[in-house]
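Please read the structure below before turning to the comments.
Nothing in this text is a laboratory measurement; each read-out follows from the coordinates by a stated rule. Since this is a predicted model, take the numbers as computed values, not measurements. Cβ placement follows ideal geometry from the backbone for every residue including glycine, while neighbour counts extend to all protein chains displayed.
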Amino acid sequence: MTKENLFEEPGLKQITVWARGVYENKEARDVVVAITEAAASEGRFVQAWENYVDLPDRIYVPVRAYGKISDQEIKSKYVYENEAPDIVALTEETLVKGVNILEGIKPGAVLVVNTRRPAGYLFKFIKQGTENLSKIVTVDANSLAKSIITLSGAEGATDASGIGKGMGAALAAAIVKATGIVQFESLLKIVGNKNAAKKAFEMADVVEVKTLVRAG
């Protein structure tokens, strides 16, 4: 084993969720917790946490939450940033501008955005990393559920507000629709707002990036 392949894990799936500090970090956390808990219920190995580099979070500055899912024990459990995400999600659309949201993504990666705008419009603002991006998924999660603003559950504490009662349930459902990373039924057992999740699963628009490139 060399330094280069120390944490080489072919079956590992990494999820990175970008959010705005304080206002949306609860929703970002709910997305990764809901999906990883769903995966755990299916017998897989999981991790979910917030980025310590981003803490203490500042109001509306970009922050991140991470998830890892694998069919085997996770070797890189002490690596506290996702270096090669398979899935990137944004709790709000303006994060496509001025932030390298796709840094390090694997070939075939998927971007999921909470927005009312079409994928083609958002694609114009993404300046880095699109060569490895396969799909952009859009869903108007804000129309399905409100964001929950709370410090409960921050920095690894128990979240008294529950999992997926706000728009994070909708964003998680859109991720599941686009990637199949867990069974949708498994996700529904975890999230509090099942109605928002069901509607988002139906509404989410999945667009192939190659069609956007051809369209110019």
Checklist entry - Once whole DSSP H runs in the chain are found, which of them have Cα atoms spread over 18 Å or more along the helix axis and a mean Kyte-Doolittle score of at least -0.5? => result 25-41
Item to check | Cα lying deepest toward the dipole's positive end in region 13-215, options Val99, Gln72, Phe125, charges on Cβ | outcome: Phe125
Checklist entry - Among Val46, Val191, which comes first, then next, by fewest other beta-carbon atoms within 10 Å? => result Val46, Val191
Item to check | log₁₀ of I(q)/I(0) at q = 0.26, 0.28 Å⁻¹ - region 51-118, Debye sum with one point per alpha carbon | outcome: -1.38, -1.46
Checklist outcome for this item: Relative contact order of region 56-111 (C-alpha contacts under 8 Å, at least 6 apart) in percent is 36 percent
Next on the checklist: Quick check for me: using +1 on Lys/Arg Cβ and -1 on Asp/Glu Cβ, what's the dipole size of the chain about its Cα centre, in debye to the nearest 20?
Outcome noted: 600 debye
Item to check | Diffusion coefficient, µm² s⁻¹, Stokes-Einstein with Kirkwood Rh over alpha-carbon pairs of the chain at 20 °C and 1.002 mPa s | outcome: 126 µm²/s
Checklist entry - If you take the charge dipole of the chain about its Cα centre, with +1 on Lys and Arg Cβ and -1 on Asp and Glu Cβ, which of Val46, Gly180, Val139 is farthest toward its positive end? => result Val139
Next on the checklist: As a footprinting exposure proxy, order Glu81, Glu202 by other Cβ within 10 Å, with the fewest listed first.
Outcome noted: Glu202, Glu81
Next on the checklist: Below 8 Å between Cα atoms, with a sequence gap of 6+, how large is the relative contact order for region 13-215 in percent?
Outcome noted: 24 percent
Checklist outcome for this item: Looking only at lysines whose Cα falls under 17 Å of Lys68's and that sit 8 or more positions away or on another chain, we get Lys13, Lys77, Lys106
